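Peer 1: One structure, as structure tokens, below. Some questions next.
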Amino acid sequence: MQFPAPSKSPALRTEQIILFRVSGQLFAVSSGSVQEVRSVDSLAGSAAEITAPGLKKVRHIVRRGDKSLFVVNAALHFGLPVTSGLLVFVLRRTRTALLIDGIEKMSTMTRLQALPQAFCNEERTWYRGVTALDQNVIPVVNPEGFLTSEEIALLEHSPTPGASSVKAAGSSIGSIHEPAE
Amino acid sequence: MNPRNDLGSQSFVLLRLGDRRFAMVASQIAELVAPSRVFRFPHRTESVEGVILRRGRIVPVCDVSEKLIGKNLLTRRFYLIAVRNYGAKSEWVALPVTGECELIAAEMSPATEADAPYVAGWISHDGNVIEVLNIDALTPGPVSAPSVCVPLEMQEAAT
């Protein structure tokens, strides 16, 4: 007598995520999307000011080899009260260095749910979706959602008046710190 | 029973927002639940307050009181969970309501051009004329087919 082969349940796909805080709000990002986590202090020496009209969320540019990264203040991006960011996520395969308040913890996501269709504005590009974790619902950010191609083009053609002075100052930690409101 | 009276009869759920009552077609209602924690995160869609967790689903909470009665609700007793269509797809949407809901049968008169887009029609009940709500027009959603949706490679991975 032959028994049918036991059907294998599909392996549960999981994804490592980093939970981080911005102005008291919890977000998640895939750990695979984060190339580096740096303190603001450690980046200050290579940062230069940048001014792009109508784009307040980016005030600094960081030179990394032959690449320039734009420091996006996450609080301003999400429309949250501005705090003094302490950490920067260098996001893989993007031009974004994300200024955040701090890391909450590492965790594992087993299910990413689509953002409900009722959310129908910019947030659809901000988030990959939402996940339920420890009886909480956390938005999972889209690393490519912080700067549009138009914004990157605008930043590339924007003046960087503070470049020399910040580089010369070197230890000017306050150059990336955003003033808390 | 007069069969002729039942030909156009449908089931409706009556809901209360402040002093006013509205109706929705019963087949568009998934359930009525007690208020639970609303999870909020940054977004730019007006009238979406946040989301609740219900039976493993993430359900947006849409406060439609401003649109319907011109003011926000001070108290809410239940969330009426309605089925909202987005093209071929449908999703749950939670509407805060201020009182008990009631299931009735009535005949609906269709809306006219003079009615607001969120009015699907009218019913008569207890001597009152009550607006039947069109949930698809009342709650936010993409104007056209969503072209900016981010692919979700992990969606429903657990199933």
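The values are calculated or read from the model by the stated rules, or taken from the named source; none is laboratory data. None of these values were measured; they are calculated from a predicted model. With ideal geometry, Cβ positions are generated from the backbone for all residues, glycine too; neighbour counts draw on all protein chains shown.
Here's the yes/no breakdown for (1) over 25 Å from B:Ser11 (Cβ atoms); (2) outside any loop (DSSP other than H, G, I, E, B):
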{"site": "B:Arg76", "(1), (2)": "no, no"}
{"site": "B:Val83", "(1), (2)": "no, yes"}
{"site": "B:Trp92", "(1), (2)": "no, yes"}
{"site": "B:Pro96", "(1), (2)": "no, yes"}
{"site": "B:Gly99", "(1), (2)": "no, no"}
{"site": "B:Leu103", "(1), (2)": "no, yes"}
{"site": "B:Ala114", "(1), (2)": "yes, no"}
{"site": "B:Ile130", "(1), (2)": "no, yes"}
{"site": "B:Pro140", "(1), (2)": "yes, no"}
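Peer 1: Can you confirm whether B:Arg21 is in a loop (DSSP other than H, G, I, E, B), basic (Lys, Arg), at negative phi and at pLDDT 95 or above?
Peer 2: no
Peer 1: Test B:Val97 against the criterion of being within 14 Å of chain A (Cβ to nearest Cβ), crowded, with 19+ Cβ neighbours inside 10 Å and either out of contact with any Gly (no Cβ under 9 Å at 6 or more places or on another chain) or among the polar types (S, T, N, Q) (or both), and give yes or no.
Peer 2: Numbers: within 14 Å of chain A (Cβ to nearest Cβ): no; crowded, with 19+ Cβ neighbours inside 10 Å: yes; either out of contact with any Gly (no Cβ under 9 Å at 6 or more places or on another chain) or among the polar types (S, T, N, Q) (or both): yes.
For B:Val97, the condition - within 14 Å of chain A (Cβ to nearest Cβ), crowded, with 19+ Cβ neighbours inside 10 Å and either out of contact with any Gly (no Cβ under 9 Å at 6 or more places or on another chain) or among the polar types (S, T, N, Q) (or both) - is not met.
Peer 1: How many residues does the stretch B:58-70 contain that are within 11 Å of chain A (Cβ to nearest Cβ) and on the phi > 0 side of the Ramachandran plot?
Peer 2: 0
Peer 1: Just to verify a result, which residue in the stretch B:38-57, among those that are farther than 27 Å from B:Arg20 by Cβ and touching a residue at least 12 places away in the same chain (Cβ under 8 Å), is nearest to the other protein chains (Cβ to nearest Cβ)?
Peer 2: Filtering first and then ranking leaves B:Phe39.
Peer 1: Can you find a residue in the stretch A:90-99 that is within 24 Å of A:Asp134 (Cα to Cα) and either in contact with a helix residue (DSSP H, G or I) (Cβ under 8 Å, 6 or more places away or on another chain) or among the small types (Gly, Ala, Ser) (or both)?
Peer 2: Our first condition is that a residue be within 24 Å of A:Asp134 (Cα to Cα); within the stretch A:90-99, this holds for none.
There is no residue in the stretch A:90-99 that is within 24 Å of A:Asp134 (Cα to Cα) and either in contact with a helix residue (DSSP H, G or I) (Cβ under 8 Å, 6 or more places away or on another chain) or among the small types (Gly, Ala, Ser) (or both).
Peer 1: Okay, next question. Report whether or not B:Phe22 is in contact with a Pro (Cβ under 7 Å, 6 or more places away or on another chain) and either of a type outside the set (Lys, Arg) or surrounded by 16 or more Cβ atoms within 10 Å (Cβ to Cβ) (or both).
Peer 2: Values: in contact with a Pro (Cβ under 7 Å, 6 or more places away or on another chain): no; either of a type outside the set (Lys, Arg) or surrounded by 16 or more Cβ atoms within 10 Å (Cβ to Cβ) (or both): yes.
It is false that B:Phe22 is in contact with a Pro (Cβ under 7 Å, 6 or more places away or on another chain) and either of a type outside the set (Lys, Arg) or surrounded by 16 or more Cβ atoms within 10 Å (Cβ to Cβ) (or both).
Peer 1: Just to be sure before I move on: is A:Gln117 polar (S, T, N, Q) and without any contact (Cβ under 8 Å) to a residue 12 or more places away in the chain in the structure I sent?
Peer 2: On the way: polar (S, T, N, Q): yes; without any contact (Cβ under 8 Å) to a residue 12 or more places away in the chain: yes.
Here the answer is yes, as A:Gln117 does meet what is asked.
Peer 1: Sticking with this structure for a sec: Using the structure shown, decide if A:Val140 is touching a Ser or Thr at 6+ places or on another chain (Cβ under 7 Å) and within 28 Å of B:Val59 (Cα to Cα). Show your work before the answer.
Peer 2: Details: touching a Ser or Thr at 6+ places or on another chain (Cβ under 7 Å): yes; within 28 Å of B:Val59 (Cα to Cα): yes.
Answer is yes for this residue.
Peer 1: Can you name the strands (runs of 3 or more DSSP E) wholly within the stretch A:12-101 that have at least 1 residues being within 14 Å of another protein chain (Cβ to nearest Cβ)? Break it down into steps so the answer makes sense when it comes.
Peer 2: On the way: elements: A:15-22, A:25-30, A:34-39, A:47-49, A:58-64, A:67-73, A:87-91, A:96-100.
Because the criterion is at least 1 residues that are within 14 Å of another protein chain (Cβ to nearest Cβ), the strands (runs of 3 or more DSSP E) in the stretch A:12-101 that meet it are A:15-22, A:25-30, A:67-73, A:96-100.
Peer 1: What tally of residues in the stretch A:116-142 results from selecting those that are surrounded by 20 or more Cβ atoms within 10 Å (Cβ to Cβ) and more than 8 Å from chain B (Cβ to nearest Cβ)?
Peer 2: Residues flagged as surrounded by 20 or more Cβ atoms within 10 Å (Cβ to Cβ) and more than 8 Å from chain B (Cβ to nearest Cβ) within the stretch A:116-142 amount to 3.
Peer 1: Which of the residues belonging to the stretch B:25-44 are of a type outside the set (A, V, I, L, M, F, W, C) and buried (at least 19 other Cβ atoms within 10 Å of the Cβ)?
Peer 2: As a first pass, look at the stretch B:25-44 and keep what is of a type outside the set (A, V, I, L, M, F, W, C): B:27-28, B:31, B:35-37, B:40, B:42-44.
Correct list: B:Gln28, B:Pro42, B:His43.
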